[in-house]
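The values are calculated or read from the model by the stated rules, or taken from the named source; none is laboratory data. Keep in mind the model is a prediction, meaning the values are calculated, not measured. All Cβ positions, glycine included, derive from the backbone under ideal geometry; neighbour counts span all protein chains shown.
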Amino acid sequence: MAEQEDVIGRANVGDSPELVAYYGRLEKLGAGALWTVANEIEPWYPQPKSVPMHWSYERLRPHVLESADLVRGEDAGRRVVMLVNEGRKELSAAAGLLYTGLQIMNPGESMTAHRHAASALRFVIEGEGAWTIVEGDRLKVGPGDFAITPNGTWHEHGNESDENPVIWQDGLDIPLVNALDANFYEVHPDLHQVPGRVTNTSLLEHGGGILKPDGRRWSKAYSPLLAYPWEQTHEAVTDLAKVSDGSPYDGVIMEYVNPVTGGSVMPTMGAHMQLLRPAEATKAHRHTGSVIYQVAKGRGHSVIGGRRFDWKKNDIFCVPSWAWHEHANDDPAEDAFLFSFNDFPMIKSLGLFREETYTDNSGHQAG
Ligand code: GTQ
């Protein structure tokens, strides 16, 4: 059945016995009539299957902990509770073509090394003692730290604490890479890498982000800096807030960058940290590209596609492409910080980025 639209320039062909028979003959030849699907495959504006969703960390955490009793890390490969969008179940996506999950590692546990065509990032939620070796650089990461595993880099993770589990959020572009039929996966031939002599080498080379090693050549598509500590991130955004009002739509927002180019950390995914001042409420806007948020600090709410979601520290929520969204810090005295990752670098490099602001007088959706 064709989706008809009574608009000049759109497909508006009704069914008839002759046409239905004709469609049948085309189908047998591996063909079809464009006008039966044109209005659907060329929507007036994006029609994401993803819906706005919020995942409460408090409610998920016991189940994440339970996974560590139920499944051995070495059997699972990685022990992760995925966050799955109701409209994207078949793709294991949290929003659009982005995947996210909560990975848990028991004290003393470590995973084998592998690499894949998908890119990954981590935002640590709880637990001291996490490490990840990315392309031979051993990174030590704690709560609030952000780290990247660009596509094709060997990586393996572990938890050297003898007391606490570690839980971090993984973000990957697996659904994107699969949609492009470009995914590959390899287990490391030795199962483990030999790490370099000094932990956090990439951070020592680029720490502070204001100087770079003289003459350093870097031609890869991703950032040579692999770890972004919470302290520096928090300080940078707090400092910017001293001199800038920020954006009416995003508050005081900064992007984690490749220190060589100033561009996004990886070619497919970018990441931000944003500060909402006490009681600040942003205005609504929408844009192409999907975003997955993690509340790094504070409490508040967001109105996404006309639905209100209350959030607090460590909660995760998503903004599907082209959904109106606005955020509010509901604490009268404390700053709120939102970490987020997105597919903007890919969307922008393809010339597909578009943004619109909400234009009723209030600038807010009815939520
Ligand atoms: O650590 O590379 O959550 O390959 C899912 C797939 C994490 C990883 C995930 C992965 C990884």
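All but one of (1) modelled with pLDDT of 95 or more; (2) surrounded by fewer than 17 Cβ atoms within 10 Å (Cβ to Cβ); (3) assigned to a loop (DSSP other than H, G, I, E, B) hold for residue 240, so report the exception by its number.
Failing condition for residue 240: (3).
Testing residue 174 on (1) surrounded by 19 or more Cβ atoms within 10 Å (Cβ to Cβ); (2) more than 30 Å from residue 303 (Cα to Cα); (3) within 16 Å of the ligand (Cβ to nearest atom), one condition comes back false. Which one is that?
Single failed check for residue 174: (2).
What's the total number of residues in region 196-226 that are outside any loop (DSSP other than H, G, I, E, B) and without any contact (Cβ under 8 Å) to a residue 12 or more places away in the chain?
Summing the residues that are outside any loop (DSSP other than H, G, I, E, B) and without any contact (Cβ under 8 Å) to a residue 12 or more places away in the chain in region 196-226 gives 1.
Take the residues of region 50-74 that are without any contact (Cβ under 8 Å) to a residue 12 or more places away in the chain and in a loop (DSSP other than H, G, I, E, B): which is surrounded by the fewest Cβ atoms within 10 Å (Cβ to Cβ)?
72
If residue 108 meets every condition in (1) in a loop (DSSP other than H, G, I, E, B); (2) surrounded by fewer than 18 Cβ atoms within 10 Å (Cβ to Cβ); (3) of a type outside the set (S, T, N, Q); (4) in contact (Cβ under 8 Å) with a residue 60 or more places away in the chain apart from one, which number is that one?
Just one mismatch for residue 108, condition (4).
If you take the residues of region 37-46 that are in a loop (DSSP other than H, G, I, E, B) and farther than 30 Å from residue 296 by Cα, which of them is farthest from the chain's Cα centre (by Cα)?
Within region 37-46, the match that is farthest from the chain's Cα centre (by Cα) is 37.
Condition check: surrounded by 19 or more Cβ atoms within 10 Å (Cβ to Cβ), within 16 Å of the ligand (Cβ to nearest atom), in a strand (DSSP E or B) and aliphatic (A, V, I, L, M). Does residue 124 satisfy that?
The answer is yes for residue 124.
Output the qualifying pairs, or none if there are none: Cβ atoms under 6 angstrom, residues six or more apart or on different chains, first residue in region 171-188 and on the phi < 0 side of the Ramachandran plot, second residue within 11 Å of the ligand (Cβ to nearest atom) and among the aromatic types (Phe, Trp, Tyr).
172/99; 174/99; 175/99; 188/154
Residue by residue, here is whether (1) hydroxyl-bearing (Ser, Thr, Tyr); (2) touching a helix residue (DSSP H, G or I) at 6+ places or on another chain (Cβ under 9 Å); (3) at negative phi; (4) modelled with pLDDT of 95 or more holds:
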| residue | (1), (2), (3), (4) |
| --- | --- |
| 252 | no, yes, yes, yes |
| 259 | no, yes, yes, no |
| 281 | no, no, yes, yes |
| 301 | no, no, yes, yes |
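For region 71-86, which positions are away from the ligand (no atom under 14 Å from the Cβ) and within 25 Å of residue 312 (Cβ to Cβ)?
85, 86
For region 164-171, state whether one or more residues are within 18 Å of the chain's Cα centre (by Cα) and assigned to a loop (DSSP other than H, G, I, E, B).
no
Given the options 93, 113, 147, name the one that is crowded, with 17+ Cβ neighbours inside 10 Å, over 16 Å from residue 173 (Cα atoms) and within 13 Å of the ligand (Cβ to nearest atom).
It is 113.
What strands (runs of 3 or more DSSP E), lying completely within region 262-367, carry at least 3 residues that are aliphatic (A, V, I, L, M)?
Result: 270-276, 291-297.
To keep it simple, each residue is scored yes or no on (1) surrounded by 12 or more Cβ atoms within 10 Å (Cβ to Cβ); (2) in a helix (DSSP H, G or I).
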position	(1), (2)
11	yes, no
21	no, yes
32	no, no
35	yes, yes
48	yes, no
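Quick check on region 155-168: of everything there that is more than 9 Å from the ligand (Cβ to nearest atom) and surrounded by 23 or more Cβ atoms within 10 Å (Cβ to Cβ), which residue is nearest to residue 291 (Cα to Cα)?
Checking each candidate, the answer is 168.
Can we say residue 152 is within 14 Å of the ligand (Cβ to nearest atom), farther than 24 Å from residue 66 by Cα and modelled with pLDDT of 95 or more?
For residue 152, the condition - within 14 Å of the ligand (Cβ to nearest atom), farther than 24 Å from residue 66 by Cα and modelled with pLDDT of 95 or more - is met.
Does residue 221 qualify as being small (Gly, Ala, Ser), modelled with pLDDT of 95 or more and crowded, with 20+ Cβ neighbours inside 10 Å?
Here the answer is no, as residue 221 does not meet what is asked.
Suppose we keep only residues that are aliphatic (A, V, I, L, M) and within 16 Å of residue 294 (Cα to Cα) within region 96-110. Which one would you say is farthest from the ligand (Cβ to nearest atom)?
That would be 98.
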